[in-house]
Amino acid sequence: MRRSAPPPVDGPQRIAKVLARAGLCSRRDAERWIAEGRVAVDGAVLASPAVLVTPASDIRVDGKPIPRPERTRLPASGREAAKLEPVLPSSTKFRREE
């Protein structure tokens, strides 16, 4: 059975998740940034991370708009993983026989 990435969410999401998906920070760091007053939504500085935002919301960190969210990546498994080149240090004793 092959899994695919979940469909993009168009509905409201928590602000910390949106910041993390944009690749700016972790969810925990996003909550700290909000507590420090660094995050604004639609011109209002947030005081709590318990805020839902939509794709239409104007989200800014330190006065700069956030980038678009990163695409969801799923780890490879099974046949897909076998096609990948292993990333191992040259000093390791585990080497692929050629």
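What nm distance separates the two modelled labels at Lys17 and Ala40, each placed 7 Å from Cα along Cα→Cβ?
It is 2.6 nm.
Explain nothing, just the number: dipole magnitude of the stretch 13-68 about its Cα centre with +1 on each Lys and Arg Cβ and -1 on each Asp and Glu Cβ, in debye rounded to the nearest 20.
Around 240 debye, computed over the stretch 13-68.
Once the Cα gyration tensor of the stretch 13-68 is found, what semi-axes does its equivalent ellipsoid get, as square roots of 5 times the eigenvalues, in whole Å, sorted largest first?
The equivalent ellipsoid of the stretch 13-68 has semi-axes of 13, 13, 11 Å.
Please report the net charge: other residues with Cβ closer than 12 Å to the Cβ of Ala56, K and R +1, D and E -1.
-3
Most exposed first by the Cβ proxy, i.e. fewest other Cβ within 10 Å, how do Lys64, Lys17 rank?
Fewest to most other Cβ atoms nearby, the residues stand as Lys64, Lys17.
Each reported figure results from applying straightforward, stated rules to the coordinates on display, with no laboratory input. Here the structure is a predicted model, which is why all the values come from computation and not from measurement. Here the Cβ is made from the backbone with ideal geometry for all residues, glycine too, and neighbour counts use every protein chain on show.
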